[in-house]
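Notes follow the structure.
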Amino acid sequence: MSSFKVFDIAGSGMAAQSVRLNTVASNLANAESVSGDAKTAYKARHPVFEAMKAQAGASKNGVDPNAAVKVLGIVEDQRAPEMRYQPGNPLANSEGYVFAPNVNVVEEMVDMISASRAYQNNVEVMNTSKELLMATLRLGS
Amino acid sequence: MPFSIDSYLGVHAAALKLREQRTELLARNLANADTPGFKAQDLDFGAALAAQTSAAAQPGTLKATQAGHIGVQADAALSSGSTEAFLKYRTPLAPSLDGNTVDPQLEQAAFADNAVRYQATLSFLSTKFRSLMTAITGQ
């Protein structure tokens, strides 16, 4: 039934934003995880969102089949890791360098605020839709 | 004259359906607020409602029964309750680089507006049902 599609849409938005919050948490937690090798250094992760195409035949009432959000995948940031000269670090390579992740903490914090606001928007949509639906169910009483 | 519940409810039944569809569209816009390339859409409510009510108001529309008959296909989509023709893309106030045209503030305002109007339609319908119940029970 189409009244309940709002819940699917808002739910998918919440799921996508929570994936984004998870990647932010992972990036921030690993912001200082140094490594002795540029290849094995932690790389910042970012989710990629896509508007989901509904299954064939699901486009009823003339509504556009572009519906919910889908997390298409999680990509790793390709910026070079930061080299730090720390010869005392047990992880340092032969030249005394360690490789810090390419996590930009400021960017991550901004991303976190954006994700949490978007999440709240979806929660608000779901709450309002639920109230409207309940009012519709009580119609005539 | 035979009593029809549809004509008794008037425009409100169609309006409720359209309001619900608009709720869905706005929810979709908000859910895709961070999706690259997503184009926000909205329903031209006035035109859609006018089309639905005019389609409903003409029960005796012409029907093409022979291959030579012409000119009724245009209304087929409208009378079937399709609102595809009334979906409009939003013109972004500040276009973003990733091609997304969702403005969360605007969508939230539209969503709140739509929710209030949905409730207004609900209360109109509720009043109609109450009067009908009064007429039926006679109390």
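Values quoted throughout were computed directly from the atomic coordinates according to the rules given, and no laboratory measurement underlies them. None of these values were measured; they are calculated from a predicted model. Virtual Cβ from ideal backbone geometry, glycine too; neighbours counted across all protein chains shown.
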Counting only residues that are hydrophobic (A, V, I, L, M, F, W, C) and at the interface with chain A (Cβ under 8 Å from one of its Cβ atoms), which one in segment B:81-111 is farthest from A:LEU137 (Cα to Cα)?
-> B:ALA85
Just give me the residues in segment A:20-45 being farther than 11 Å from A:GLU82 by Cα, touching a strand residue (DSSP E or B) at 6+ places or on another chain (Cβ under 7 Å) and polar (S, T, N, Q), in sequence order.
-> A:THR23, A:SER26, A:ASN27
Could you please tell me which pairs satisfy a Cβ distance under 8 Å, a separation of 6+ or placement on different chains, a first residue in segment B:116-132 that is of a type in the set (Gly, Ala, Ser), and a second residue that is surrounded by fewer than 16 Cβ atoms within 10 Å (Cβ to Cβ) and outside any helix (DSSP H, G or I)?
-> B:SER126/A:LEU139; B:SER126/A:GLY140
Looking only at segment A:1-35, which residues are part of a helix (DSSP H, G or I) and charged (D, E, K, R)?
-> A:LYS5, A:ASP8, A:ARG20
Return the total of residues in segment A:112-140 being in contact with a helix residue (DSSP H, G or I) (Cβ under 7 Å, 6 or more places away or on another chain), facing chain B (nearest Cβ under 10 Å) and in a helix (DSSP H, G or I).
-> 12
Quick check: is even one residue across segment A:84-101 surrounded by fewer than 15 Cβ atoms within 10 Å (Cβ to Cβ), in contact (Cβ under 8 Å) with a residue 24 or more places away in the chain and either in a strand (DSSP E or B) or within 13 Å of another protein chain (Cβ to nearest Cβ) (or both)?
-> yes
Just give me the residues in segment B:86-139 being outside any helix (DSSP H, G or I), surrounded by 15 or more Cβ atoms within 10 Å (Cβ to Cβ) and not charged (D, E, K, R), in sequence order.
-> B:LEU87, B:PRO92, B:ASN100, B:THR101, B:VAL102
